[in-house]
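S.K.: My questions all concern the structure below.
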Amino acid sequence: MPRLHSLRARVALYFAAFGALLSVVMAVMMYQSAHDLSVRLVDETLTAELDDYIARRGRNPHSLPPATVTLQGYVRKAGATDGVPDYLARLPPGRHEVRVGDLFYRAAVLDRDNARYYLLYDISLKLKREQRFAQQLSIVAVAMTLLSTLLGFFLSGAVVAPVAKLAAQVRHRRPENWDQPLAEHFHDREIEELASVFDRQLSRMRAFMERERAFGADMSHELRTALAVILSATEVLLDDDTLNDKQKARVQRIERAARDMAELGTALLLMAREDHTQPGSGCQVAAVVQEAVEKQHLLLGSKPITVDVQTDPALVVAADCGLVDILVSNLVRNAFSYTDAGSVTVRQDSRSLVISDTGRGIPGDAIDQAFLRHFRDISSNGAGIGLSLVKRICDRYGWQVRLESGEQQGTTVTVVFAR
């Protein structure tokens, strides 16, 4: 069955609505026409019978009014008050419908020659026939509505078939086939025009992606070259014994910034890849955690902080180790950077990683925005990319990440690697 909001469902619904409206209008018109015709025939019969009786009474004043199964007549002379039932005595001249018990009559009242003539025609049977006719028309209207619905359902399939075909081709189109035009497969003018629009947009997207791919490749090469030069220079400077401790600290700061930039560039390039995992590869999280803690340990400096690390080497995830290292390094770096005293605890078991600190924490009204790109609280000195990058990596692999924090109450970040 088509979905309610699909084009095919709407076309079928419009067919059904049109069929129902047309059926109701035709049924009402037919019923009204039949009713008017029957009333006209009854009135003509009453007129003919009244004229006949008045003519007979003119020849014979003692002639009795009609009295049959369907006709009943009465005469009352001017000034008289009897001889006519009460339900007729109050009727003015003209045509009326009268109900007597369970019977219905069509009444004709006429003044002629100082006398008032009353003639009743039993229309009970006619009303029953009209009721049956109305029921039959209702059944026909319902049947026509159902038929219109079925017809609309099947016809809508033929109507939207070209659109569905175009949607299927666009949905299953791979980037390597974007240079093949869609419009040549369609001959309906509207669909061909729509396919031409898709072709133009795909062409623009292909050109844009080529420019972005070339830009990414060139920038990656140039950035890596520059970072390699910086790291080489810092390595040489750190081996220079003539530098004092303050100068070496500054060089180490330059080295950390360059390495962070290299890691960030690697992460962004890996995130830009279409494949999520490397075939046949796995990453041992415990080794990544140990390496990240050792690598970021310089951030502690002389701060009075105790670090407790517990890992489980059994956890191996199907993910790129570079991205796992970036995720763990960002979380460890944040814990080391924003904790001035106290402790940092790193717990990694068979399914999750929990990093807790006793640092500055995040205000309660800012926790919901912590994973947004470029989010920074007042105490932050970073660019606001770390937690956003962590969230993007977790979303890429279907992992869960939770943040619990409070101002001056520390922060706990939990990453659950199970999908």
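S.K.: Could you please let me know if residue 107 is assigned by TED's automatic domain parsing to the domain that holds residue 65, in contact with a His (Cβ under 7 Å, 6 or more places away or on another chain) and not charged (D, E, K, R)?
M.R.: Yes; evaluated as a whole, the condition is true for this residue.
S.K.: All but one of (1) under 39 Å from the mean Cα position of the chain (by Cα); (2) at pLDDT below 90; (3) surrounded by fewer than 16 Cβ atoms within 10 Å (Cβ to Cβ) hold for residue 264; state the number of the condition that does not hold.
M.R.: Exception for residue 264: condition (3).
S.K.: Still on this structure, I have one more. Which one of the conditions (1) over 30 Å from residue 143 (Cα atoms); (2) surrounded by 14 or more Cβ atoms within 10 Å (Cβ to Cβ) does residue 55 fail to meet, given that it meets all the rest?
M.R.: All conditions pass for residue 55, except number (2).
S.K.: Tell me the residue from 91, 110 that is in contact with a strand residue (DSSP E or B) (Cβ under 7 Å, 6 or more places away or on another chain), farther than 30 Å from residue 12 by Cβ, part of a loop (DSSP other than H, G, I, E, B) and in contact (Cβ under 8 Å) with a residue 24 or more places away in the chain, please. So that I can check it myself, show each step before the final result.
M.R.: Numbers: 110 fails: part of a loop (DSSP other than H, G, I, E, B).
One residue alone meets the criteria, 91.
S.K.: Right, here's the next one. State which residue is modelled with the lowest pLDDT when the search covers only the stretch 366-396 and only residues that are part of a loop (DSSP other than H, G, I, E, B) and under 16 Å from residue 265 (Cβ atoms).
M.R.: Here the answer is 383.
S.K.: Given the criterion exposed (fewer than 12 other Cβ atoms within 10 Å of the Cβ), in a helix (DSSP H, G or I) and modelled with pLDDT of 85 or more, identify the matching residue among 236, 251.
M.R.: 236
S.K.: Does residue 134 meet the test of being out of contact with any Cys (no Cβ under 8 Å at 6 or more places or on another chain) and touching a residue at least 24 places away in the same chain (Cβ under 8 Å)? Lay out the reasoning, then the answer.
M.R.: On the way: out of contact with any Cys (no Cβ under 8 Å at 6 or more places or on another chain): yes; touching a residue at least 24 places away in the same chain (Cβ under 8 Å): yes.
Against the criterion (out of contact with any Cys (no Cβ under 8 Å at 6 or more places or on another chain) and touching a residue at least 24 places away in the same chain (Cβ under 8 Å)), residue 134 qualifies.
S.K.: Filter the stretch 105-119 down to the residues that are of a type in the set (D, E, K, R) and buried (at least 19 other Cβ atoms within 10 Å of the Cβ), then identify the one that is farthest from the chain's Cα centre (by Cα).
M.R.: 116
S.K.: Within the stretch 124-148, which residues are surrounded by fewer than 17 Cβ atoms within 10 Å (Cβ to Cβ) and touching a Phe, Trp or Tyr at 6+ places or on another chain (Cβ under 9 Å)?
M.R.: Residues satisfying the conditions are 124, 127, 130, 133, 134.
S.K.: To continue, here is another question. Given the residues 76, 59, 40, which is the only one that is in contact with an Asp or Glu (Cβ under 9 Å, 6 or more places away or on another chain), in the same structural domain as residue 112 (by TED's automatic domain parsing) and of a type in the set (Lys, Arg)?
M.R.: Matching residue, one of 76, 59, 40: 76.
S.K.: Would you say residue 32 is in a strand (DSSP E or B), at pLDDT 90 or above and polar (S, T, N, Q)?
M.R.: Criteria not met by residue 32.
S.K.: Provide a single number: the residues in the stretch 285-331 that are more than 16 Å from residue 399 (Cβ to Cβ) and without any contact (Cβ under 8 Å) to a residue 60 or more places away in the chain.
M.R.: 26
S.K.: Return the residue satisfying two criteria in turn: it lies in the stretch 295-319 and is loosely packed, with under 14 Cβ neighbours inside 10 Å and at pLDDT below 90, and of such residues it is farthest from the chain's Cα centre (by Cα).
M.R.: 302
S.K.: A follow-up question, please. Spot the failing condition for residue 243; the list is (1) surrounded by 12 or more Cβ atoms within 10 Å (Cβ to Cβ); (2) of a type outside the set (Phe, Trp, Tyr); (3) in a helix (DSSP H, G or I); (4) at pLDDT 75 or above, and only one is missed.
M.R.: Residue 243 satisfies every listed condition except (3).
The values are calculated or read from the model by the stated rules, or taken from the named source; none is laboratory data. Note that the structure is predicted; figures quoted are calculated from it, not measured. Please note: Cβ atoms are built from the backbone with ideal geometry, for glycine as well, and neighbour counts cover all protein chains shown.
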